2 protein chains.
Amino acid sequence: VQGLSLDLKPKLSTRRREKRAMKRTGLGERDIIRRLTERFAKSGTKLPLGFEDDVAAYPMTRKRFLVLKTDTLFGSTDIPPGMSLQEASRKAVVATVSDFAAKGVQPVGLLISLALPAPVSQETVNELASGIQSACNEYHCRVIGGDTGESTDLVIDCIGFGFAEASRIMRRDGAKPGDVIAVTRTFGRTSAGLKILLSREKAMMQKFPGLVRSVTHPRARLNAGLRLANSEMVNSSIDSSDGLAWSLHEIARVSKVRMLLDRVPVAPEVRTFADQQGLNPQRLALYGGEEYELIVTIPE
Amino acid sequence: VQGLSLDLKPKLSTRRREKRAMKRTGLGERDIIRRLTERFAKSGTKLPLGFEDDVAAYPMTRKRFLVLKTDTLFGSTDIPPGMSLQEASRKAVVATVSDFAAKGVQPVGLLISLALPAPVSQETVNELASGIQSACNEYHCRVIGGDTGESTDLVIDCIGFGFAEASRIMRRDGAKPGDVIAVTRTFGRTSAGLKILLSREKAMMQKFPGLVRSVTHPRARLNAGLRLANSEMVNSSIDSSDGLAWSLHEIARVSKVRMLLDRVPVAPEVRTFADQQGLNPQRLALYGGEEYELIVTIPE
């Protein structure tokens, strides 16, 4: 640690904090997951990947795993102003693909479970389908089934599956003392971009199109993840969809190591934005979310 | 056809009709599915099972398929008065297992994607987990992963997977001229039971506990489905979760055959209930829903 004192305990991202502020007391998302997984983990032999990893894995043979992931986008909390339905449905797929990227596994197929508030227009269905298809084309996977229903909230559940050699999957819990931490890109764009979208200020949007686009048109680092897995050099890997700080903390926690940061990788345009807004650029980079980069640790 | 003239075109089940009545104009669920599947079906080689079958299938090899299903329960529309959260989460699993039953495939694992309206109490989480675990014990499968999030509506998405020899899967589209139609049990319990629950009349609930229980504690016919698949006698199979009439019509449509009914299999207690309420027992049996029996056609 060189001159920096960082609190890497999980903090809520900007958005989560806002959502939380609207709640009365109740269990947080992590508590809910912990309680559920405690219940379900009891009911069988140990799974190849813990409940807390980016994806679930089922051993088809000792060496070959079926890899599965479900990730759900909710209209009421996950679609900021200025984001189209097409962008939202594309992002639902990107979020799932990103978890496969972090494990170095190609998702081959998707199930899409859609809930739509009535009345449903043809245009809505077309927009949703276009966004999903667009992401499928980008990441070389396809929709093979799904479900639709009616709800009071728009819900897009994107379920991905793929196959992987057991030894090739990059885990969360493999970080070793002496590893260096590497990331696929600088951070902070999505926290800054979300602030801009929530401000609804057109001038800001035009000034920082890259920050806005990081929220409305994110990319999953699938190619990077596949190459990293093939390199067989990676000891641990996670996607940063819950924020840089939380993801680092999670690797440290499940790998039972400590992490020392001598630099926070802040995106240049985030520094500019933070300077103009009087914000702390490191906080934007550390406590964001839905920023689909990969964080890996590798031997020095 | 012996003295009966039945309209087997898809009708909305009692509940769906009620939901529909609350809507303004918009696309129905079937229109939405058709539009989506037209879009996604274009994007690749033909899938082993059509988008319209009970489950999705992905060919791992030419002979062995990965079988997947997602089925979602929504608090706002799928939990009638008098049904507990534990019963609801159990039913979410039963609905998914039922689709596997109809194909004769053992579901080996589940992902559960939960969305909960804030604030979330410990009791809520415990109830939901208990219902899910209870169904897992009944059907010999286990939860291997999932996701949780926050929504304005309770959403329980149950994703099941299993493996099957391609030749053993019972399809919707295999009905042949001359086949007889067989069902795993008589029908009408859930439409009657739902009416009773919606009436909130305690006396009625006590008088017809089996009808109420068919809604709150349904069973999937997994053993029957597995045995039917092993018999290798079944030409087509579907589960009746969308109602007897609709399911028969669907087999006829995708198999390109006509169906003749000489008898509607009405449950005895449904006849009693219908007599007392001045309702048509055959309508209750034909146009119900969430009645998780199997409907198969086999050579005479």
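The values are calculated or read from the model by the stated rules, or taken from the named source; none is laboratory data. Because the structure is a prediction, the values reported are computed rather than measured. For neighbour counting, all protein chains shown are included, and Cβ atoms are generated from backbone atoms with ideal geometry for every residue, glycine included. With ligands, DNA and RNA removed, areas are computed over all heavy atoms of the protein, side chains included. Shrake-Rupley method; radii C 1.70, N 1.55, O 1.52, S 1.80 Å.
Quick notes on this one:
- Over all distinct Cα-Cα pairs of the protein assembly as shown, the Kirkwood formula returns a hydrodynamic radius of 25.2 Å.
- For A:Leu198 and A:Thr272, a Förster radius of 25 Å and the Cβ-Cβ distance give a FRET efficiency of 0.85, rounded to the nearest 0.05.
- Calculated FRET efficiency for the pair B:Asn126/B:Lys207, C-beta based, R₀ 30 Å, to 0.05: 0.40
- Qualifying trypsin sites (Lys or Arg not before Pro) in region B:223-300, DSSP loop, other Cβ atoms within 10 Å at most 10: B:Lys256, B:Arg258, B:Arg263
- Shielding of B:101-112 by partner chains, average beta-carbon count, 10 Å: 2
- Neighbour-limited loop hits for trypsin sites (Lys or Arg not before Pro), region A:165-196 (at most 16 other Cβ within 10 Å; DSSP other than H, G, I, E, B): A:Arg185
- Cα convex hull, region B:143-229: 194 Å³ per residue, rounded to a whole number.
- Estimated FRET transfer efficiency when R0 is 41 angstrom, pair B:Arg30-A:Met233 (beta carbons, to 0.05): 0.20
- Mean ellipticity per residue at 222 nm, deg cm²/dmol - from DSSP H runs of n ≥ 4 across chain A, formula -39500 (n - 2.57): -12500 deg cm²/dmol
- Over 21 Å (Cα to Cα) - which of A:Lys103/A:Lys176; A:Lys69/B:Lys63; A:Lys103/B:Lys63; A:Lys91/A:Lys207 fall in this group: A:Lys69/B:Lys63; A:Lys103/B:Lys63; A:Lys91/A:Lys207
- Interface B-A: total buried accessible area of about 5900 Å², 1.4 Å probe, protein heavy atoms only.
- Nearest-10 value in Å² for the accessible area of B:Asp242, using the 1.4 Å probe: 30
- Heavy-atom surface of region B:95-180, accessible at 1.4 Å and reported per residue (Å²): 28
- Placing a label point 7 Å from the Cα of A:Arg263 along the Cα-to-Cβ line, the residues of region A:221-251 whose backbone N sits under 19 Å from it are A:244-245, A:248.
- At least 10 Å² of accessible area lost relative to the chain alone, listed for region B:147-181 with a 1.4 Å probe: B:Asp147, B:Thr148, B:Gly149, B:Glu150, B:Ser151, B:Thr152, B:Asp153, B:Val155, B:Asp157, B:Ile159, B:Phe161, B:Phe163
- Other copies of B:Asn230: label-to-label distances in nm, shortest first, labels 7 Å along the beta-carbon direction: 4.5
- Accessible-area composition of the protein assembly as shown, carbon plus sulfur, in percent [1.4 Å probe]: 49
- Hz values of 3J(HN,Hα) by residue in region A:246-263 - Karplus curve (6.51, -1.76, 1.60), Gly and Pro given as x: 4, 5, 4, 4, 5, 4, 4, 5, 6, 8, 6, 10, 9, 10, 10, 9, 9, 7
- Simple spin-label estimate for B:Asn280 and A:Ser84 in nanometres, 7 Å along Cα-Cβ: 4.7
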